[in-house]
Structures are given as structure tokens and as C-alpha cells.
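Quick notes on the structure that follows.
Where a number appears in this text, it was derived from the coordinates with a stated rule and is not lab data. Note that the structure is predicted; figures quoted are calculated from it, not measured. All Cβ positions, glycine included, derive from the backbone under ideal geometry; neighbour counts span all protein chains shown.
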Amino acid sequence: MTGERSPAADRAELGRRAPRGESGACSELARACGRGVYAIALAHLRRPGDAEDVAQDVLLAALENLGSCRDPERFDAWLFVIARNRARRALVRRRLRDVFAGTPPEIEAPDADPGRADRRALLAALDALPAAMREVVLLHDLEGYEHAELARALGVTEEASRQTLSRARKKLRDTLIALEEKRR
């Protein structure tokens, strides 16, 4: 990988340029980080609409407070802590709102489309994972973060990132097998 910069290094560079007011750096930074922030929010909130709202809120707050990121090399970690904290607060607010409003749990109508059933099974399996495992799966498998990037961004070792992903995939596999057996 001679001469190539990692996506994390590119985000760190944008994190240095944006506070200086360089043209386009903020919008590039939001584009570069948006999907990762969304993945963190989705891992905690489990509802795409809520995750989108939190991701937008996080990106705006981060862009307004870029000066508080003391170490641009750890920009992802700084941003993901903000995302995780905002997602957790949003989850608490949503649960309180649902309790006080008496909102019934979401019920999905049965569908004959097997692709839709497979998607629901995968979402149910993801939902069964602890939030930390969902974060690693979504960031690695969906967003393409490498283990070195995940380790820096999540504050764990590369080995811990690999182990978490391996355990999460095993749990996903086991859950999907159990769901398939129930469907038969």
C-alpha cells in the first residue's frame, strides 16, 4: 500500500482542514463520515428514520465543534463517541415517549415475498446482537472499515475488533439458522 492514504487518514486530514475554514472541507467531511455515523446510530436505535435524524444531528454538532477535537488523527473516535452518546440519549427519549404515548410495538404484515422475509430475518438477527457487536458488523461489513480503523475509532485493539466481528457473525449465523428452522 505504498503512497496510498487510508480513509481514516483522509478523514483526519479533513478534520484538520475544516476548522481552518478551507473551502469545501466541511461538506467533504460530512460526506466522508455520514455513513459511519449513521451505522453507529442505527446500531443503537434500530430504526432507520431515527438513525438518520441522529446522524444529521451528530454531523451538525460535530461540524460546529470541530475545534474541540484535540487529536485529528483520532477524529473517527471523537465523532463516534458523539454519535454513540447522542444515539443512546435519543433511545432513552424514544422509550419514554413510547411509554407515555402508549405506542404499541411495530407489527409488520406477513408478506409472501421471500426476499422481504429474508431481509426481516437478517434485521431480526442484527437486532438480537448487543449494540457493540452491531457497531462492528455495520462499520466493517457495511461501511468497509478495516480492523485498524475500527480499533482506533472504537477505542479497542485490532484483535478485539476481529474477535468481536467473529463472535457477531457466529451469533448472526446461529440466529438466522434458528429463524429459518422456525419458518419451516
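Sorting check: for 55-68, 168-181, which peptide has the highest mean count of neighbouring beta carbons within 10 Å, and how do the rest follow?
Top to bottom by mean Cβ count within 10 Å: 55-68, 168-181.
Which percent of the Cα-Cα distances in region 108-184 go past 14 Å?
63
With n ≥ 4 as the cut-off for DSSP H runs, can you work out [θ] at 222 nm for the chain, using -39500 (n - 2.57) per run divided by the number of residues, rounded to the nearest 500?
When only DSSP H runs of four or more count, the value is -24000 deg cm²/dmol.
For THR157 and SER23 in the same chain, what is the full-extension length gain: residue separation times 0.36 nm, less their Cα-Cα distance, in nm?
44.7 nm
Under 17 Å from a point 7 Å along the Cα-to-Cβ line of ARG46: which residues of region 119-142 have their amide N that close?
119-138
Please determine, in degrees from 0 to 90 and to the nearest 10, the orientation of helix 158-183 with respect to the longest principal axis defined by the Cα atoms of the chain, where the helix direction is its Cα long axis.
20
Apply 1/(1 + (r/R0)^6) to the Cβ-Cβ distance of LEU63 and SER6, taking R0 = 25 Å, and write down the FRET efficiency to the nearest 0.05.
So the FRET efficiency works out to roughly 0.70.
Tell me, what is the Rg over Rh of the chain, with Rh the Kirkwood radius over Cα pairs?
Ratio of gyration radius to Kirkwood radius for the chain: 1.02.
Applying the Karplus parametrisation 6.51 cos²θ - 1.76 cosθ + 1.60 with θ = phi - 60° to the phi angles of region 6-19, what ³J(HN,Hα) value in whole Hz is obtained for each residue in order, glycine and proline being reported as x?
Result, ordered by residue: 7, x, 5, 5, 5, 5, 5, 4, 4, x, 7, 6, 4, x Hz.
Diagonalise the Cα gyration tensor of region 1-107 and give the resulting equivalent ellipsoid semi-axes, square root of 5 times each eigenvalue, largest first, whole Å.
In descending order the semi-axes read 31, 14, 11 Å.
In whole Å, how far is the Cα centre of region 143-166 from that of region 44-78?
If we compute the Cα centre of each part, the gap is 19 Å.
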